[in-house]
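The values are calculated or read from the model by the stated rules, or taken from the named source; none is laboratory data. These figures come from a predicted structure and were not determined experimentally. With ideal geometry, Cβ positions are generated from the backbone for all residues, glycine too; neighbour counts draw on all protein chains shown. Ligands, DNA and RNA are excluded from the accessible area calculation, which covers all protein heavy atoms including side chains. Shrake-Rupley method; radii C 1.70, N 1.55, O 1.52, S 1.80 Å.
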Amino acid sequence: MQRRQFLKGALYGTGGTLVALSGLGAATAALNPRRAAAAAPVSRKTVYSSCEMCRNQCPIAVKVENGKVVKIDGNPNDSAFGGVICARGNSGPSLLYDPERIKKPMIRTGERGSGKFKEVSWDEAYTYIAQKLKAVQEQYGGEAVAQTSHIGPYDVFFQTIGKAIGSPNLFSHEATCPMARIIGLNTTFGTAAINADYANTKYLLVVGRNFFEGIHVAQTRAVAKALSQGTKMVVLDPRFSVLAAKGEWLPVKGATDLAFIMALANVLIDEKLYDEEFIKQYTVGFDKWAAQVQDKTPAWAAEETGISQDTIIRVARELAQAKPHSLIEYGWRTTFTADDFQLRRAIMIVNMMLGNFEVPGGYYQVKDAGTLKKVPAMAAYAKKLGPVKVPPFPKPKKGRIDGTGEKGTPRQLTPIADGAVGQITETILTGKPYPIKAWLVHRFNPVMSIGDTEKTLAAIKKLDLLVTCDVYMSDTAYNSDVVLPECTYLERTEQVFDMSGLTPKYVLRQQAVDPVYADTKPAWQIYKELGEKMGYGQYFPYKDIDDYVERQLAPTGISRKVFAEKGLWTPAGMKPFYVRSGDAKAPLTLLATKSKKIEIFSDAVQEATGAGVPVYVPYPQPGEGEFRLIEGKVAVHTNVGTHNVPVLHELMSENTLWINAQSAAKLGIKTGDTLIISAGKYEHKGTANVTEGIRPDTVFCYHGFGQISPQLTRAFGKGINDNKLIPDQLGSVGNSITSMTFVKVRKA
Amino acid sequence: MEQETAEELYLSFAGIFQRPRPDIARHLEELIDLWAQEISSSEKVFSELREFCRAFPAGEVRENALWKEYIPLFETGRVEAPPYASVYLDRDGLVLGCEAEEVRKFYLSLGYGLRSDQRELPDHLGVELEFLARLAGRGSWDAVGSFRKSHLRPFLRAILPKIRASERPVYSQAAELLASWQLGQC
Amino acid sequence: MAKHYAMVIQLKKCLGCQACTVACKFENKVPDGQYRTKSPAIGPSGTYPNVKVFFEKQACQMCQDAPCVKVCPTTASHYNKDGLVLIDSHKCVGCKYCMTACPYDARFINKNTGTADKCTFCYDTRLTKGEKPACVTTCVGGALLFGDANDPQSEVARYMATHRTEVRKAQFGTRPSVHYDYEGVK
Amino acid sequence: MDITWGAGAANPVIWGWLIAVYLFLAGIAGGAFLTASLTDLFKKNGQARVIRSGAFLAPVAIIVGLGLLVFDLGRPLSFWKLIFNVNFGSVMSIGVFIISIFTVLSLLYAYLVWTSVKVGSKVQVRVGRAANETAATKAAGTVGGRGIVAFLGALFALGTATYTGFLLSAVSTNVFWSTHLPGIAGVPFLPFLFLVSALSTGLAATLLGAGTCDDLTVYKKIDIVLIVIEILLVAVLYASVRAVFFSGNLAALFWLGVVMIGLILPLLLSLYGVSRHKNLVLPSCSLVVIGGLALRCFVVYAGQLFK
């Protein structure tokens, strides 16, 4: 009897999962439940939201049947997307309903890295984290806590924790991604919010970016549209990418792209093909640039790059002929070299020589509400989101571990919001400039993303606390002390997201279904609750995300209903706005530089690096028997985040090592052979893919494979983990360098 | 089997196959007594269960020991036996398939819904067993029979062999006992 | 006039991104490991640095003289009123004769139903509602055109009137309704 | 280039060994029935052992074969739909009826032969083989209608043996299977090859079942003729289709299995046997049967692996 009472008490009480509904049971109990289920009408709805299979937040239309997501389409209300969504976006339901997701907060019970955890309530998890953080804070100071995330809507909530603690060490993943482009733009235009109008360009030179494998739906579509209208595309890439297959492939020698760009400038000046008027009216420092490229002749560049002199001259002339509707793509990828940002600057400088700024088919400054407000004729279209005010955070007591923002050093140029994320593991291991003892990670996977996987693992072992919030038991989560389960993007609403281009645009991620696993939570809630537990409630002054959205929308007059009905907001009646399309001499009042000019010579860069205009630096090339290891994206995966999603894993479960046919023949390697790829310190096994589509001195593999968390059942150990081979090497501005690793290859 | 016993047995298995909980862990010995009393099975099963209780005395030690088995068995990553019926009965291997929906409607037709504060998927093994306990408790034997036939038994036939094969203490033995009680085998 | 649904695939616009592959999977609940459409790479051909590669979207070609319909012993494979080749899964026994007959490898035995399966141009779920097939609407490169070839104003009819398109394996006389424009890729 | 993402190539082999064995068994059944029924119909005092062997072998072979076929279906339990949904344009649909009727007739015939054996066994008591067989023949004559069954069955046996060839040759999109007789467009080749092979293997299997008995010379001579015809047909096939079909893994199957084991060796052994060992059937007939299986496997796989 006692036992019976206990069981009933335990399971019918607070611990039970079912609850009796009044008045329902008796009436329908007699029905045959199977038949009842079959006869029930299907409830259907479409929820407009935004995707998160990668970081681009493409607008989507989620079809929900009986509370279940059955299909995801692109949002047809957005003309830039036209109802289109990529393979990853289409795969959303496969992630949502994956039984391998993390379902509950977990605390490690075994050794770190043993994979032994117990599940705990959220409250226990918060308490545990709060206590550990407090201990670190007391012993080492708030700056001993580092935070890293991808970039996303969660950052504002996630980083509030670190800011409240008083840590300066908040990092984005940009240093492992296109931070060099951001710095290039910042130092030239005073802002990184510069987009390209690919759809209307007549000539497109692409330097290493791969629109057709690293898909950004709107931009990829725009490039595809341009190509279908007869735009010529030239692709500089040591590897024959899908993009290269759709244009003219120039297999440039690795790390020499800047030579190519400088030679273009040389030709444009030499043959007087550049837009002198534009340069005169809108830029400063052109003479210093002209002096710098004076000896960078096509003949010299041909030697450097391996691309013939004639080709270089031809490309320069073709660019000039199509100007101002021609553009050199500024690149959106990990960095090739230590000074990659100078390459990005040089690209933008040559673009400006083509006069392609603020005209169709060229570059333009993003017309968000803040920018439009400065243009009287357009101010009516500018609906600036309301700020969600929080009290001021305590000022960090020490500078950042990566030296970001330090005047007179190259790190002066590094955006404070991004930092040099690769510095963290180094600092943990060396304790310099001061110790990092706790690391909070949100939807980021440093074990697979910060170069040198083994080093990151070694660093993790030295921490007092590692907390990871993710949807899967990622390689980093697996090695964490506390794992927090975020719900997927289909299960949460987030704040309004600014997606402006030639017109302002706001997109809202809206919850499509209840969380599949009830104990997964959205980031805003996790960090608000954690913050409150730590006594930082004042920094989270909103009730919930709906309240947050209300505060954002309040001053704009935009109704939340717009998002429910269309999923996005753009100002009615506004046409794409280019400042110079009607008047080639229109003043560029929007420019955010101090000089109000486009800075070909940048004082800031001069101060930081001594090279106010880009200077060519030759980098080492692979020696005899060596190959340059390069990596890239694949259309069906995002970085390191989707390899365990069932449908995507099925489409591509493994990568291979591309090796040129002639080089392979010399080594007796055939497609399918197992290889040992040796980067000196580390070796990795891989499968050979002998191809004509790569330079003989280069090998390539797609990034993100060979994952090491055994709980990523599908992706675990499949393929080559290039991140193990690539050292954690930081460039001048803190950028991770991924294309300067030389490897030797032999048959296993 | 009398009403009370059936209810108790369903409850006991529901308790075991839900996530490890302090109260269930604390009373594990009593559950074992109940099973020994009502279900005939090999002595090995019971001795292994009792051995577990001796090795891991009630309290946090025992809870963590259960977690150690539960997570790889049911919960995260390379799970040996996902505890959701849809994973087995809907063939695409994902959760919340038709089976979950049908089970949920079954609950609804008999006047039960899932708690909103402690939501679990309707086709979780522990939930199905708890549902049967409630039906048994109120003597709805027709519904018990119908639910067992169309939902529980197909699910058990798929999942119990996996749990047994995992050879994880407590769970394997509980699966063995549940199989011999519900599927008439041992 | 009767409808003649047709698709035009502009191969130079296909990026091989597989959005269509996945869209189809969810639209039509295709079991894992199986595909109604796929876009494999053809190539690379040539020698460094003069290399070519393209992607060829493959699926049922909706033949007007369909070998699969001819050989089907149960009339499960049939032409519907709009001239599309469809499969009545109630009649299909899974003999695979149609699969041996299809020169395009477009068919497979659905592992959930045991019956032959293939692209339907999303007839039930989309065409009948006036929508285009899921692959067409999600195509990132904009490579797919779809419409009624008998309507001279339709996108496909106008395209075919002004471009040189081919059908695959014309030697078999199957008269496919899926037309390929290989311009710029071969 | 590893543009390895996207669906992998489908398995080119749609009809595997189950179907190959089924085609082979259908051939055996047809051939065995023809051997038995023609002996029964045309040879006064025919070899009762041969009749019995063929009559029993036919239904067993066809039923096992059909079992394999049904097992190979995507939905085995719905095989009955083949009977209720008819497509007269489909060789398989017609074949279903031919084989169904043949199966019934072969069972009936086997029953009739079996009952006559029972009658026979009552009459004779171990007086020797000759007496036994004579009695059996007599008994056979006493059962009315067996001749009609034998005759009708023979027609459907012919149909069954040929059908297996038509089944494949009707796949007009398969260049190998739909090969025509050289010079005669519209007349498919495989039905002839499969018919001859069916007769040859069916006869060989029947003789194996009959075991050693009195003079089998006439059967052996027929077998030699069949083997010679088959050699000619295989040669024609080899000459009229692309060489790729005989390459790769299938080269061994063809040259070793079909040509050596199935044709050349049995021909030599039979020629030797006819002149020397009148009753020795085991080596040659076994090889013929194995060769028949190899032929079906070869044709089924070659047609699918190389398109």
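Observations on the model:
- Distance cut-off 22 Å, percentage of C-alpha pairs in the stretch A:448-571 lying past it: 52
- Prolate/oblate/rounded label for the stretch D:142-267 (Cα gyration tensor, a/c 1.5): oblate
- Of the cross-linked pairs A:Lys118/B:Lys68; A:Lys163/A:Lys521; C:Lys13/C:Lys38; C:Lys57/C:Lys91, those separated by over 18 Å at the C-alpha level are A:Lys163/A:Lys521; C:Lys57/C:Lys91.
- Between the stretch A:336-380 and the stretch A:262-323, the Cα center-to-center distance that results, in Å: 19
- For the protein assembly as shown, a Kirkwood radius taken over Cα pairs fed into Stokes-Einstein (10 °C, viscosity 1.306 mPa s) yields D = 44 µm²/s.
- Farthest toward positive dipole pole in the stretch A:485-598 [+1 Lys/Arg, -1 Asp/Glu at C-beta], among A:Phe540, A:Leu590, A:Ala564: A:Leu590
- Cross-link partners for A:Lys63 among the aspartates and glutamates, with Cα-Cα distance under 12 Å and sequence neighbours closer than 8 places in the same chain left out: A:Asp73, C:Glu27.
- Across the accessible surface of chain A, with the other protein chains kept in place and a 1.4 Å probe, carbon and sulfur atoms take up 52 percent.
- Cysteines, chain C, no other Cys beta-carbon under 4.7 Å: C:Cys14, C:Cys17, C:Cys24, C:Cys63, C:Cys72, C:Cys92, C:Cys95, C:Cys102, C:Cys122, C:Cys139
- Here the stretch D:17-305 is treated with +1 on each Lys and Arg Cβ and -1 on each Asp and Glu Cβ, and its dipole about the Cα centre works out to around 700 debye.
- FRET efficiency for the D:Phe151 to D:Val64 pair, using the beta carbon distance and R₀ = 35 Å, is estimated at 0.90.
- P(r) of the stretch A:162-266 over all Cα-Cα pairs, binned every 10 Å from zero, in whole percent: 13, 35, 36, 9, 6, 1
- When each of A:Lys397/A:Lys528; A:Lys104/A:Lys397; A:Lys575/A:Lys633; A:Lys68/A:Lys575; A:Lys633/A:Lys685 is checked by Cα-Cα distance, pairs over 31 Å: A:Lys104/A:Lys397; A:Lys575/A:Lys633; A:Lys68/A:Lys575
- Solvent-accessible surface of the protein assembly as shown, taken per residue with a 1.4 Å probe and all protein chains present: 36 Å².
- With θ taken as phi - 60° and the Karplus curve 6.51 cos²θ - 1.76 cosθ + 1.60 applied, the whole-hertz 3J(HN,Hα) list for the stretch A:485-492 is x, 7, 7, 6, 4, 6, 10, 9 Hz, x standing for glycine and proline.
- What a 1.4 Å probe finds exposed on the stretch B:3-183 is 48% carbon and sulfur by accessible area, rounded to a whole percent.
- Cα-based equivalent ellipsoid, the stretch A:189-323: semi-axes from gyration tensor eigenvalues, Å: 25, 20, 14
- Farthest positive-ward along chain C dipole, Cα basis, beta-carbon charges - from C:Ala19, C:Ala134, C:Tyr35: C:Tyr35
- For q = 0.07, 0.08, 0.13 Å⁻¹, Debye-computed log10 I/I(0) when each Cα of the stretch D:17-305 counts as one equal scatterer: -0.26, -0.34, -0.88
- Annotation: the antiparallel percentage among DSSP beta bridges lying fully within the stretch A:627-747 is about 60.
- Percent antiparallel among DSSP beta bridges (both partners in the protein assembly as shown, rounded to 5): 60
- Residue-normalised convex hull volume from the C-alpha trace of chain A: 185 Å³ per residue.
- Computed over the alpha carbons of the stretch B:57-113, Rg followed by Dmax gives 15.3, 42 Å.
- Here is the list for the stretch A:592-629: GluC sites (Glu not before Pro) lying in DSSP coil, each with at most 10 other C-beta atoms within 10 angstrom of its C-beta, are A:Glu624.
- Where the Cα pairs of the stretch C:29-135 fall when distances are cut into 10 Å bins, in %: 14, 41, 29, 11, 5, 0
- Counting only the Cα atoms, the stretch A:357-456 fills a convex hull of 225 Å³ per residue.
- In a reduced charge model with +1 at each Lys and Arg Cβ and -1 at each Asp and Glu Cβ, chain A shows a dipole moment near 1780 debye about its Cα centre.
- A straight line joining the Cα centroids of the stretch D:36-90 and the stretch C:69-125 runs 28 Å.
- Positions from the stretch A:99-145 whose accessible area shrinks by 50 Å² or more when the full protein complex is built, not the chain alone, probe 1.4 Å: A:Pro99, A:Lys103, A:Lys118, A:Glu119
- Of the residues making up the stretch A:488-523, those losing 20 Å² or more of accessible area when the isolated chain is joined by the remaining protein chains, with a 1.4 Å probe, are A:Val516, A:Tyr517, A:Ala518.
- Annotation for the stretch B:1-92: trypsin sites (Lys or Arg not before Pro) lying in DSSP loop with at most 16 further Cβ atoms inside 10 Å of their Cβ are B:Arg78, B:Arg91.
- Threshold 40 Å² - residues in the stretch C:1-39 whose accessible area is reduced by that much or more when the chain is no longer isolated, probe 1.4 Å: C:Leu15, C:Cys17, C:Gln18, C:Val22, C:Phe26, C:Asp32, C:Tyr35, C:Lys38
- Under 15 Å from the Cα of A:Lys437 - aspartates and glutamates, other chains or at least 8 residues apart: A:Glu138, A:Glu143, A:Glu426, A:Asp464, A:Asp481
- At q = 0.09, 0.18, 0.20, 0.22 Å⁻¹, base-10 log of I(q)/I(0) for the stretch A:627-747 (Debye sum, equal scatterers on each alpha carbon): -0.24, -0.94, -1.12, -1.27
- Centre separation in Å (Cα based) which lies between the stretch A:170-238 and the stretch A:515-552: 35
- Positive dipole terminus of chain A, leading residue within A:Gln131, A:Thr713, A:Cys54 (C-beta point charges): A:Gln131
- Here is the interface size for A with D: some 800 Å² of accessible area buried, both sides summed, with a 1.4 Å probe.
- Qualifying trypsin sites (Lys or Arg not before Pro) in the stretch C:42-140, DSSP loop, other Cβ atoms within 10 Å at most 16: C:Lys81, C:Lys111
- Interface B-C: total buried accessible area of about 200 Å², 1.4 Å probe, protein heavy atoms only.
- Size of electric dipole in the protein assembly as shown: Cβ of Lys, Arg +1 and of Asp, Glu -1, about Cα centre, debye, nearest 20: 2520
- Computed over chain C, Kirkwood Rh from alpha-carbon pairs, angstrom: 17.0
- Interface area, D with C, accessible, probe 1.4 Å, both sides summed, Å² nearest 100: 2800
- Gyration tensor analysis over the Cα atoms of the stretch B:43-186 returns equivalent ellipsoid semi-axes of 26, 18, 16 Å (largest first, whole Å).
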